[in-house]
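Visitor: The structure's right below; bear with me while I get my questions together.
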Amino acid sequence: MSDYHQPGYGPPAGGPQQPYGPPQQQPYGTPQQAWPGGTPGGGYGYPGTQQPGPGYGTQPPAPPTGTAMWAHLGALLTMTAGTMMCCGLGAFLGWIFPLSLRGNDRHKHDPYIRHHATQAVNFGITQAIMAALGVVLYVASAFIFAAAATTDAQRNSSGLAVPLLTVIGIFGSYALSGVICAVIGTVKATRGELWTYPRLIAWPLSKG
């Protein structure tokens, strides 16, 4: 008997031979070994059959951005285009369109639309109140100056323009700020983001 068949010198003759070199690694794709850096793919490692991790399950439906956008844009167009076409009347009607959207049966149970529509309603109501206040101050300043003047020369002097221009400047700046905020709200609603007007621009009179 040769030394090869002595105990401790390897398997007996005819048995399975151990290959030379380091042990063979299991190939990827077998149940015993997962893909590197990832979750085992369905027991066989196929990338297409990997189980979704946390956060990759059923995604929630996208918010109705189009309707929310029109809540802000409708209020803005009513106040700007309506003011130019109807002798300033549009400034008092900006809250009507978003209010109709919020009260629609299709949208009254949608929290995203209700949020943006409520913000636009508050914006339209606030702008209407400020427009009315601006008209009152404009007329009052002109009336007080005319009543205080004693002569026709004083009534026709440039002093009458000072209070009137002051009122126009203040409320014109306020209206411009409102337009900018409405544009921001329109863009936010289009992107699916929430937007809340500054309290100075939209008083929280209506709750969503």
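Visitor: Which length gain, in nm to one decimal place, applies between VAL187 and ALA142 when the Cα-Cα distance is subtracted from 0.36 nm times their residue separation? Working shown, then result.
Guide: Working: separation 45, 0.36 × 45 = 16.20 nm, distance 3.98 nm.
Going from the current span to full extension adds 12.2 nm.
Visitor: Give the peptides 188-197, 65-74 in descending order of average Cβ contacts within 10 Å, highest first.
Guide: Averaged packing, sorted descending, gives the order 65-74, 188-197.
Here, each number is a calculation from the coordinates, and none is a lab measurement. Because the structure is a prediction, the values reported are computed rather than measured. Note: ideal-geometry Cβ built from the backbone for every residue, glycine included; neighbour counts use all protein chains shown.
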